[in-house]
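Asks: Provided herewith is a single structure, encoded as structure tokens, for subsequent inquiry.
The values are calculated or read from the model by the stated rules, or taken from the named source; none is laboratory data. This one's a predicted model, so the numbers in the text were calculated from it and none came from an experiment. Neighbour counts run over all protein chains shown; Cβ positions are idealised from the backbone, glycine included. Accessible surface areas use protein heavy atoms only, side chains included; no ligands, DNA or RNA. Shrake-Rupley method; radii C 1.70, N 1.55, O 1.52, S 1.80 Å.
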Amino acid sequence: MSQIPDILEKLEGTAVYEILSAMEQAYERIEKEQQKWYEATKFLCPSGCGECCKGFEPDLFECEALYMAAWLLQNQPEVAKNVAQGIFPFDNTHFGNGKTCLFYNLNSSYHCSIYGGRAFICRLFGATSSYSKNGKKVWRPCKFYPSAILSKYNPNLEHKQYSEQETEQILGQIPPAMSDLMESALSIMPDNEKTVLLRDILPQKINHLLWLIQMNDNDNPNGSPNGSPNAPLAA
């Protein structure tokens, strides 16, 4: 089931509609493949951890930013309105380096306040494998995973790299490879596209989606409702 049905309906027939649909399919695939890993191994993130969010703010590809913008417009329109004006919901400068995600809620046990619209790296971190130079899958437990929990496995797990065979012997299965899960999304990205820090790209993309929605519903094909694809959200 789509998490952005109203936004997709309003953008039907546009190129952005195709991008958002492809992103949703890519995210659904990630969730489906990771769910197999979680069910088979019970290797879940410790409840209320959130350590991977601290001191980290994701850089986004345009397609990620567009989906995040659409998710906010669909699910948190008031937050989207503020972000379009450069006002984010949380001030996380108290973490020291000023890079902790502006959607990280310290006072919530779930921490991520836009979980359904979160970036690729946030979905993939901790629950994917990678390919070694010889083309074989390898896996490493998240660096934030408590050693006390890792030591309960037989044999004990450590914060080191494991081969596919070793991972399967201990956990019964190896998680899906990050590059495989990214494949469908990478196909819609222009070659050599660079990422942009979340705080810099997301306001632009929210405003751009709003402009597209208005244009797609505009009876005057020669005019723009607000004159610019980056026009600010009306109060």
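Asks: Suppose we keep only residues that are part of a helix (DSSP H, G or I) and under 30 Å from residue 167 (Cβ atoms) within the stretch 81-116. Which one would you say is least open to solvent (accessible area, probe 1.4 Å)?
Replies: Ranking the qualifying residues of the stretch 81-116, first place goes to 116.
Asks: In the stretch 123-177, what count of residues is obtained for those that are out of contact with any helix residue (DSSP H, G or I) (no Cβ under 8 Å at 6 or more places or on another chain) and among the hydroxyl-bearing types (Ser, Thr, Tyr)? Spell out how you get there, then give the answer.
Replies: Residues of the stretch 123-177 out of contact with any helix residue (DSSP H, G or I) (no Cβ under 8 Å at 6 or more places or on another chain): 132-135, 140, 143, 145-152, 160-161, 163-170, 177.
Next, from what is left, pick out any that are among the hydroxyl-bearing types (Ser, Thr, Tyr): 132, 145, 147, 151, 163, 167.
Within the stretch 123-177, residues that are out of contact with any helix residue (DSSP H, G or I) (no Cβ under 8 Å at 6 or more places or on another chain) and among the hydroxyl-bearing types (Ser, Thr, Tyr) number 6.
Asks: Would it be correct to say that residue 3 is at pLDDT 95 or above, in a loop (DSSP other than H, G, I, E, B), surrounded by fewer than 21 Cβ atoms within 10 Å (Cβ to Cβ) and within 18 Å of the chain's Cα centre (by Cα)?
Replies: When the stated conditions are applied, residue 3 passes them.
Asks: Could you check, for the stretch 32-42, whether at least one of its residues is open to solvent by 40 Å² or more (accessible area, probe 1.4 Å), part of a loop (DSSP other than H, G, I, E, B) and of a type outside the set (A, V, I, L, M, F, W, C)?
Replies: Checked against the condition, which is being open to solvent by 40 Å² or more (accessible area, probe 1.4 Å), part of a loop (DSSP other than H, G, I, E, B) and of a type outside the set (A, V, I, L, M, F, W, C), the stretch 32-42 yields at least one hit.
Asks: May I pose another question? Open to solvent by less than 70 Å² (accessible area, probe 1.4 Å), within 30 Å of residue 173 (Cβ to Cβ) and aromatic (Phe, Trp, Tyr), is that true of residue 61?
Replies: yes
Asks: Right, another one. Restricting to the stretch 117-141, name every residue that is among the basic types (Lys, Arg) and in a loop (DSSP other than H, G, I, E, B).
Replies: First, pick out the residues of the stretch 117-141 that are among the basic types (Lys, Arg): 118, 123, 133, 136-137, 140.
The answer is 118, 133, 136, 140.
Asks: Something else: Given the conditions (1) assigned to a loop (DSSP other than H, G, I, E, B); (2) more than 17 Å from the chain's Cα centre (by Cα); (3) not aliphatic (A, V, I, L, M), report the number of the one that residue 45 does not fulfil.
Replies: All conditions are met except number (2).
Asks: I'd like the full set of residues that are part of a loop (DSSP other than H, G, I, E, B) and either within 15 Å of residue 209 (Cα to Cα) or aliphatic (A, V, I, L, M) (or both), limited to the stretch 57-80. Outline the logic, then answer.
Replies: The initial filter retains those residues of the stretch 57-80 that are part of a loop (DSSP other than H, G, I, E, B), namely 57-58, 61, 76.
Scanning the stretch 57-80 gives a single hit, 76.
Asks: While we're on this one: Taking the options 177, 185, name whichever one is surrounded by 17 or more Cβ atoms within 10 Å (Cβ to Cβ), touching a residue at least 60 places away in the same chain (Cβ under 8 Å) and of a type in the set (Gly, Ala, Ser).
Replies: Among 177, 185, only 185 is surrounded by 17 or more Cβ atoms within 10 Å (Cβ to Cβ), touching a residue at least 60 places away in the same chain (Cβ under 8 Å) and of a type in the set (Gly, Ala, Ser).
Asks: OK, next. So which residues in the stretch 189-211 are crowded, with 19+ Cβ neighbours inside 10 Å and among the hydrophobic types (A, V, I, L, M, F, W, C)?
Replies: Going residue by residue through the stretch 189-211, those that are crowded, with 19+ Cβ neighbours inside 10 Å are 198, 201-203, 205-211.
Within the stretch 189-211, 198, 201, 202, 206, 209, 210, 211 qualify.
Asks: Continuing with this model, one more query. Among the residues of the stretch 161-217, how many are in a helix (DSSP H, G or I), out of contact with any strand residue (DSSP E or B) (no Cβ under 8 Å at 6 or more places or on another chain) and of a type outside the set (Ser, Thr, Tyr)?
Replies: 27
Asks: Where residues in the stretch 128-150 are within 14 Å of residue 166 (Cα to Cα) and either open to solvent by less than 20 Å² (accessible area, probe 1.4 Å) or hydrophobic (A, V, I, L, M, F, W, C) (or both), which of them is nearest to the chain's Cα centre (by Cα)?
Replies: Ranking the candidates gives 129 first.
Asks: Consider residue 28 carefully, then state whether it is closer than 26 Å to residue 186 by Cβ, within 13 Å of the chain's Cα centre (by Cα), of a type in the set (D, E, K, R) and not in a helix (DSSP H, G or I).
Replies: Here the answer is no, as residue 28 does not meet what is asked.
Asks: So, one more: Does residue 110 meet the test of being of a type in the set (Phe, Trp, Tyr) and touching a Cys at 6+ places or on another chain (Cβ under 8 Å)?
Replies: no
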